[in-house]
Amino acid sequence: MIGTVPSICPGRRTRFIASSKARALFIRTTEKRIGGVVTKAFQDGRFVTVKGQDGTELQLRITADTDVAGIPDRTVIRPGMKLSALYEIPEGVNPALGYDAVEMTVAS
């Protein structure tokens, strides 16, 4: 079971992963926002690279739990589209596949 627990600090959440054989694993996350242009989109929009307004590139993971606005679904994301996203940064974890997007808005 995977879930999210609200934190007393604004912009922070705690994720937990539990199973019947193990204790719950709690991972604190911090939410951040990025706005920019899509430079890469692959695997039907599951992974999107965004170049922010400050020039930094960030890879996001778009999951079934991500709230998507401005397009019918993630499969239509293409390079050159403008994107704004809220994503989570887990503490103490290397997000090799990118950061999980919580919500995103896309404009062509």
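Among the residues of segment 49-62 satisfying the criterion of being among the hydrophobic types (A, V, I, L, M, F, W, C) and part of a strand (DSSP E or B), which is farthest from Ile27 (Cα to Cα)? It comes out as Val50. So is Lys32 surrounded by fewer than 17 Cβ atoms within 10 Å (Cβ to Cβ) and either within 14 Å of Asp100 (Cβ to Cβ) or modelled with pLDDT under 70 (or both) or not? In short, yes. For Met104, the conditions (1) in contact with a helix residue (DSSP H, G or I) (Cβ under 9 Å, 6 or more places away or on another chain); (2) over 18 Å from Val37 (Cα atoms) all hold with the exception of (2).
Cβ-Cβ contacts under 6 Å between residues 6 or more apart (or on different chains), taken from a first residue in segment 47-63 that is on the phi < 0 side of the Ramachandran plot to a second residue that is acidic (Asp, Glu), are listed as Thr49/Glu57; Lys51/Glu57; Arg61/Asp100.
Examine segment 63-78 for a residue that is in a loop (DSSP other than H, G, I, E, B) and in contact with a Lys or Arg (Cβ under 7 Å, 6 or more places away or on another chain), and state whether such a residue exists. No, segment 63-78 contains no residue that is in a loop (DSSP other than H, G, I, E, B) and in contact with a Lys or Arg (Cβ under 7 Å, 6 or more places away or on another chain).
If you go through segment 47-82 and keep only what is out of contact with any Ser or Thr (no Cβ under 6 Å at 6 or more places or on another chain), of a type in the set (Lys, Arg) and closer than 14 Å to Val106 by Cα, you end up with Arg74, Arg78, Lys82. Restrict the check to segment 43-54 and report whether at least one residue is modelled with pLDDT of 80 or more, surrounded by fewer than 11 Cβ atoms within 10 Å (Cβ to Cβ) and within 15 Å of Lys82 (Cα to Cα). There is at least one residue in segment 43-54 that is modelled with pLDDT of 80 or more, surrounded by fewer than 11 Cβ atoms within 10 Å (Cβ to Cβ) and within 15 Å of Lys82 (Cα to Cα). The set of residues in segment 87-102 that are within 14 Å of Thr49 (Cα to Cα) and crowded, with 16+ Cβ neighbours inside 10 Å comprises Tyr87, Gly98, Tyr99, Asp100, Ala101.
State all residues of segment 62-73 that are within 18 Å of Arg33 (Cα to Cα) and crowded, with 17+ Cβ neighbours inside 10 Å; if no residue qualifies, say none.
If the condition is that a residue be within 18 Å of Arg33 (Cα to Cα) and crowded, with 17+ Cβ neighbours inside 10 Å, then Ile62, Thr66, Val68 are the ones that fit.
Report yes if Val5 is in contact with a strand residue (DSSP E or B) (Cβ under 9 Å, 6 or more places away or on another chain), surrounded by fewer than 13 Cβ atoms within 10 Å (Cβ to Cβ), assigned to a strand (DSSP E or B) and at pLDDT below 85, otherwise no. Yes. Restricting attention to segment 85-98, the residues being in a strand (DSSP E or B) and either more than 11 Å from the chain's Cα centre (by Cα) or touching a residue at least 60 places away in the same chain (Cβ under 8 Å) (or both) number 3.
The values are calculated or read from the model by the stated rules, or taken from the named source; none is laboratory data. Not measured: the values here are computed from a predicted model. Glycine also receives a Cβ, built like all others from the backbone with ideal geometry; neighbour counts cover every protein chain displayed.
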